[in-house]
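Everything below concerns the one structure shown next.
The values are calculated or read from the model by the stated rules, or taken from the named source; none is laboratory data. Just so it is clear, the model here is predicted, and its values are computed rather than measured. With ideal geometry, Cβ positions are generated from the backbone for all residues, glycine too; neighbour counts draw on all protein chains shown. Heavy atoms of the whole protein, side chains included, go into the accessibility calculation; ligands, DNA and RNA do not. Shrake-Rupley method; radii C 1.70, N 1.55, O 1.52, S 1.80 Å.
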Amino acid sequence: MAVKISPSILAAPLAHLAQAARDIEAAECELIHIDVMDGHFVPALTFGDQITAAIAAETKVPLDVHLMVARPEIEAPKYYALKPQIITFHYEATTAPIRLAEQIRAQGIRAGIALNPRTPVAALADIVPAFDVVLFMSIEPGFYGQKFIESSWSRLAELNKLKNREHAAGRKLELEIDGGVSDQNAAALVQGGVDILVSGSYLFKGDMKERVRKLKEAK
Ligand code: DX5
Ligand code: ZN
């Protein structure tokens with residue numbers, strides 16, 4: 001299946017989010033990646049459910065909500081009414097990941113689990129059947145525009161094994177990568193098993209249509 005592109009709107013000019021949402025739609029992206037940061041789980045504070053609702057009102061592109069928050073069980077329900085396609089929360093931020101995944105799925109929303117670059121992939125082995133998406137960070141969460149961490153390649157190989165195991169058991173699982181994605185690494189990421197490419201600074205630093213096309217050419 002062709003790779004899906006999820007532009008990180010955090011890297012857009014933030015006073016012009018409506019225009020950014022329209023650009024993402026015009027570039028025929030499958031998703032809009034919304035980086036929710038609470039100033040606790042990560043030092044930065046970005047946007048919450050109200051700004052996300054305002055973005056959603058500007059476009060038909062489905063939302064891909066990435067919660068970088070300390071209490072996802074409190075925050076996630078605020079997004080249910082917006083009917084995002086995916087709500088992802090961090091493994092490091094909760095002690096009850098399966099319960100929250102079940103709640104998200106019960107809303108008809110796909111549940112995602114995010115892993116920081118230093119969290120072992122093995123942590124997911126038992127809980128992954130509760131999820132539809134694994135988002136693995138190839139940068140430290142908190143800011144866009146950072147350099148891709150090279151150890152992500154061996155993590156991708158491990159995650160792809162987990163994905164194949166899930167597929168063999170008749171379950172669907174998609175791999176989403178977030179951080180430092182560009183035309184320089186997209187092809188190798190897709191070959192390695194990535195289904196969804198998040199990209200912020202690469203897409204917003206140039207002609208978005210042209211750059212989305214380049215990422216989608218990656219096979
Ligand atoms: C970082 C965010 C990422 C980031 C990606 O905490 O989760 O989504 O905005 O931006 P780039 O593609 O510039 O690394
Ligand atoms: Zn993100």
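List of remarks:
- Annotation: GLU150 fulfils all but one of (1) in contact (Cβ under 8 Å) with a residue 40 or more places away in the chain; (2) out of contact with any Leu (no Cβ under 6 Å at 6 or more places or on another chain); the unmet one is (1).
- Residues that are farther than 17 Å from LEU203 by Cβ, of a type in the set (Gly, Ala, Ser) and within 12 Å of ligand 1 (Cβ to nearest atom), drawn from segment 2-59: ALA44
- Cβ pairs under 6 Å, 6+ apart, first in segment 119-130 and free of Cβ contacts under 8 Å to residues at least 40 places away in the same chain, second of a type in the set (Gly, Ala, Ser) and buried (at least 16 other Cβ atoms within 10 Å of the Cβ): ALA130/ALA101
- Only one entry of VAL128, VAL121 meets the criterion of being more than 19 Å from SER6 (Cβ to Cβ), touching an Asp or Glu at 6+ places or on another chain (Cβ under 6 Å), modelled with pLDDT of 95 or more and crowded, with 18+ Cβ neighbours inside 10 Å, and that entry is VAL121.
- Test: LEU45 is under 18 Å from TYR79 (Cβ atoms) and either more than 16 Å from the chain's Cα centre (by Cα) or within 14 Å of ligand 2 (Cβ to nearest atom) (or both): yes
- Selection of segment 18-27 for residues being among the aliphatic types (A, V, I, L, M) and surrounded by fewer than 21 Cβ atoms within 10 Å (Cβ to Cβ) yields ALA18, ALA26, ALA27.
- Of the residues examined, ARG165 is one that is away from ligand 1 (no atom under 16 Å from the Cβ), surrounded by 14 or more Cβ atoms within 10 Å (Cβ to Cβ), more than 14 Å from the chain's Cα centre (by Cα) and of a type outside the set (Val, Ile, Thr).
- Condition check for LEU14: open to solvent by 40 Å² or more (accessible area, probe 1.4 Å), in contact with a helix residue (DSSP H, G or I) (Cβ under 9 Å, 6 or more places away or on another chain) and either away from ligand 2 (no atom under 16 Å from the Cβ) or modelled with pLDDT of 95 or more (or both): yes
- Scanning segment 133-147 for residues that are near ligand 1 (Cβ under 9 Å from one of its atoms) and in contact (Cβ under 8 Å) with a residue 60 or more places away in the chain returns LEU135, PRO141, GLY142, PHE143, TYR144, GLY145.
- Comparison of ARG155, ARG171 shows that the only residue that is of a type in the set (Lys, Arg), open to solvent by less than 50 Å² (accessible area, probe 1.4 Å) and at pLDDT 95 or above is ARG155.
- Among (1) in contact with a Leu (Cβ under 8 Å, 6 or more places away or on another chain); (2) under 15 Å from ILE24 (Cβ atoms), the one test that GLY39 misses: (2)
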